[in-house]
Amino acid sequence: MPASRSRWFVLLWALLPFLAALGGAAFPPDQWFAALAKPSWQPPNYLFGPVWTTLYLMMGIAAGLVWLRGPSPAVRAALVVFAGQLLLNALWTPVFFGAHALGAALIVIVLMWLAITLTIALFWRVRPLAAALLLPYLAWVSFATALNAALWRLNG
């Protein structure tokens, strides 16, 4: 680890993904969402907060671990793609809950899934542990993609 890269900055990286959640806080599930037909396998709403909190923390720690490797083209590429998937993450909630656009939200979440997959591949080259920390996120977004698709099919 380069001397200029303090481990304390990992804390800042750990908090960064929570910025994506702030945008989503403006669009909580509402009466529109409550009225949607839902698949029988949809988890209860109270589960989403703790799951996302855990995933955001793991995402931030993963990015911090990559950042600690020091400046390099591989680190830069990995963190740029990480930022791109985080922007897609932040975009999904306003599209789904704000615009009530199930089909458009499905497109966003598929793009997010692809960006997460690329992020994992790039993180793996820099710090395999960081890539492993993103695997639960990929699994949850895979589930969320299937849920978004089911909601679109049932209500589209």
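Points to keep in mind about this one:
- Filter result for the condition that a residue is surrounded by 14 or more Cβ atoms within 10 Å (Cβ to Cβ), touching a Ser or Thr at 6+ places or on another chain (Cβ under 9 Å) and without any contact (Cβ under 8 Å) to a residue 60 or more places away in the chain, over Gly60, Gly84: Gly84
- Among the residues of the range 100-146, those that are out of contact with any Leu (no Cβ under 7 Å at 6 or more places or on another chain) and of a type in the set (Phe, Trp, Tyr) comprise Trp113, Trp124, Phe143.
- Taken over the range 30-68, the criterion of being in a helix (DSSP H, G or I) and of a type in the set (Gly, Ala, Ser) is satisfied by Ala34, Ala35, Gly49, Gly60, Ala62, Ala63, Gly64.
- Evaluation of Val80 against the conditions (1) in contact with a helix residue (DSSP H, G or I) (Cβ under 8 Å, 6 or more places away or on another chain); (2) among the β-branched types (Val, Ile, Thr); (3) within 21 Å of Ala20 (Cβ to Cβ) shows that the sole unmet condition is (1).
- The range 8-29: number of residues that are of a type outside the set (A, V, I, L, M) and either assigned to a helix (DSSP H, G or I) or closer than 20 Å to Leu135 by Cα (or both): 6
- Residues of the range 63-81 satisfying the condition of being in contact (Cβ under 8 Å) with a residue 24 or more places away in the chain and among the basic types (Lys, Arg): Arg69
- Flag if Ser40 is within 19 Å of Ser142 (Cβ to Cβ), among the hydroxyl-bearing types (Ser, Thr, Tyr) and over 19 Å from the mean Cα position of the chain (by Cα): yes
- Scan of the range 21-57 for residues that are buried (at least 18 other Cβ atoms within 10 Å of the Cβ) and either under 23 Å from Trp124 (Cα atoms) or of a type in the set (Val, Ile, Thr) (or both), ordered by number: Trp52, Leu55, Tyr56
Here's the yes/no breakdown for (1) aliphatic (A, V, I, L, M); (2) exposed (fewer than 14 other Cβ atoms within 10 Å of the Cβ); (3) assigned to a helix (DSSP H, G or I):
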position	(1), (2), (3)
Thr93	no, no, yes
Phe96	no, no, yes
Ile109	yes, no, yes
Ile116	yes, no, yes
Ala121	yes, yes, yes
Leu129	yes, yes, yes
Ala139	yes, yes, yes
Ala144	yes, no, yes
Leu147	yes, no, yes
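Laboratory data are not the source of any read-out in this text; all were calculated from the coordinates shown. Worth saying up front: this structure is predicted, and the values here are computed from it rather than measured. Note that we place each Cβ from the backbone using ideal geometry, even for glycine, and neighbour counts take in every protein chain shown.
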